[in-house]
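Chemist: Have a look at this one.
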Amino acid sequence: MSIPVEDLADRLYRAARRTELVDPLTDEHPDLTMEAAYEIQDAVVARYEADGDAVVGAKLGLTSRAKQRDVGVHEPLYGWLTASLDLDPGTPLDLSAVGQPRVEPEIAFRLGEDLEGAHVNAVRVLAATEWVAPSLEVLDSRYCDYRFTLVDVVADNASSGRYLVGGVPRDPAELDLRLVGCVLERNGVLEATAAGAACLGHPATAVAWLARALAARGTGLAAGSVVISGGLTAAVAVGPGDVVTADFDRLGSVELACRGPVEQAAV
Ligand code: OOG
Ligand code: MG
């Protein structure tokens with residue numbers, strides 16, 4: 001049976017706009033291919049653009065073992081970042097605008113040059129990078145409890161919710177990104193620790209993987225794009241009043257406060 005790409009894109013787009021949840025597409029379409037899943041993703045992003053949003057970069061996902069174990073999907077994937085997903089540092093996350101928020105620490109790259117081609121490697125990525133900085137991504141899967149297969153989550157633009165870039169932007173030539181440590185806390189309590197190497201061995205390796213994956217689909221990354229290279233640790237679920245902080249060695253800190261309806265006191 002052929003996959004109704006536009007209908008499935010509508011379903012995911014509507015769920016995102018109304019903060020509703022949908023069943024994994026593979027429940028109904030077990031034969032959903034990776035190619036069709038990326039077509040659905042493109043069609044969802046095209047709907048955001050038709051609403052006036054703009055693609056400003058890309059996100060990698062499932063680039064660390066911690067993340068792969070967390071959601072039970074063991075291959076990397078990518079999605080697109082749009083302007084409306086960007087949170088400025090110091091701006092709280094409005095929980096009424098998201099469904100199932102989970103926060104994870106990542107290393108962001110800003111490209112100073114176009115990056116495209118089937119032979120992009122980590123060295124080329126580092127040469128094309130203007131700066132790297134710490135980031136927190138807010139995931140917001142449209143699937144209940146993040147129950148999905150690889151193709152489902154690809155179609156859902158890799159669970160994109162919001163993202164925040166903060167800390168101290170640095171020239172990547174000044175750092176060994178493999179060794180950059182990261183301490184993740186929620187409300188002052190340690191949640192997880194990691195180093196840059198958690199991300200496919202080196203965060204620039206992940207960005208190179210993305211460039212090659214895009215080349216295979218006839219596209220690439222433009223100068224000025226921001227790429228978040230994938231969660232270094234498992235994601236942390238957040239609720240009203242939570243503050244998540246990621247402290248990175250030499251890249252500084254990035255923090256996100258969550259504002260929303262006050263939860264009913266537990267009885
Ligand atoms: C899929 C998106 C994964 C990451 O950084 O690993 C991702 C998910 O976990 O819902 O953004
Ligand atoms: Mg992520």
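The values are calculated or read from the model by the stated rules, or taken from the named source; none is laboratory data. Being a predicted model, the structure only gives us computed values, none of them experimental. Cβ coordinates were reconstructed from backbone atoms using ideal geometry, including for glycine residues, and neighbour counts include every protein chain displayed. Heavy atoms of the whole protein, side chains included, go into the accessibility calculation; ligands, DNA and RNA do not. Shrake-Rupley method; radii C 1.70, N 1.55, O 1.52, S 1.80 Å.
Chemist: Mind checking the alpha-carbon convex hull of segment 59-192 and giving the volume per residue in Å³?
Modeler: Each residue corresponds to 138 Å³ of Cα convex hull volume.
Chemist: Can you tally the net charge around Tyr38? Count Lys and Arg as +1, Asp and Glu as -1, for every other residue whose Cβ sits under 12 Å from the Cβ of Tyr38.
Modeler: In short, -3.
Chemist: Net charge near Gly224: determine it from the other residues with C-beta under 10 Å of the C-beta of Gly224, scoring Lys and Arg +1 and Asp and Glu -1.
Modeler: Once all neighbours under 10 Å are counted, the net charge is -2.
Chemist: Which shape class applies to segment 111-173: rounded if a/c is under 1.5, otherwise prolate when a/b exceeds b/c and oblate if not, where a ≥ b ≥ c are the square roots of the Cα gyration tensor eigenvalues?
Modeler: oblate
Chemist: What ranking, highest mean first, results for peptides 251-260, 14-23, 160-169, 55-64 when packing means the other Cβ atoms within 10 Å averaged over each residue?
Modeler: Peptide ranking by packing, descending: 55-64, 160-169, 251-260, 14-23.
Chemist: If you consider only alpha-carbon coordinates, what radius of gyration and Dmax does segment 151-267 have, in Å?
Modeler: For segment 151-267, the Cα-based Rg and Dmax read 16.6, 56 Å.
Chemist: Also, I was wondering about something else. Would you kindly compute the Cα radius of gyration of the chain and its largest Cα-Cα separation (Dmax), both in Å?
Modeler: Values for the chain (Cα only, Rg and Dmax): 17.5, 58 Å.
Chemist: Give me the 1.4 Å probe accessible area per residue for the chain, excluding ligands and nucleic acids, in Å².
Modeler: Per-residue accessible area for the chain comes out at 43 Å².
Chemist: Further, regarding this structure: Do the sum for the chain: with -39,500 (n - 2.57) for every DSSP H run of n ≥ 4, divided by all residues, what is the mean residue ellipticity at 222 nm, to the nearest 500 deg cm²/dmol?
Modeler: -7500 deg cm²/dmol, from helical runs alone.
Chemist: If you take the square roots of the eigenvalues of the alpha-carbon gyration tensor of segment 61-122 and sort them as a ≥ b ≥ c, do you get rounded (a/c under 1.5), prolate (a/b over b/c) or oblate?
Modeler: Oblate.
Chemist: Mind jotting down a quarter of the surface of the convex hull over the alpha carbons of segment 18-59, in square nanometres, one decimal?
Modeler: Taking a quarter of the hull surface, the average projection is 4.0 nm².
Chemist: Please sort 240-249, 80-89, 198-207 by packing, taking for each peptide the average over its residues of neighbouring beta carbons within 10 angstrom, highest first.
Modeler: Taking the mean over residues of other Cβ atoms within 10 Å, the ranking is 198-207, 240-249, 80-89.
Chemist: I've got another one for you. So what is the relative contact order of the chain, in percent, for Cα pairs below 8 Å that sit 6 or more residues apart?
Modeler: Relative contact order for the chain comes out at 27 percent.
Chemist: Running Debye on segment 1-98 with equal point scatterers at the Cα sites and no solvent, what base-10 log of I(q)/I(0) appears at q = 0.13, 0.14, 0.18 Å⁻¹?
Modeler: Relative scattering, expressed as log10 I(q)/I(0), comes to -0.57, -0.66, -1.09.
Chemist: Among residues other than Thr233 whose Cβ falls under 15 Å from its Cβ, what is the net charge (Lys/Arg +1, Asp/Glu -1)?
Modeler: Within the 15 Å Cβ shell, the charges total -3.
Chemist: Here's another thing I want to ask about it. If amide hydrogens are placed 1.01 Å from N in the peptide plane, which non-local residues have theirs closer than 5 Å to the one on Asp86?
Modeler: Long-range HN contacts for Asp86: Tyr163.
Chemist: On the accessible surface of the chain, probed at 1.4 Å, how many percent belong to carbon and sulfur atoms?
Modeler: On the chain, the fraction of accessible area on carbon and sulfur atoms equals 49 percent.
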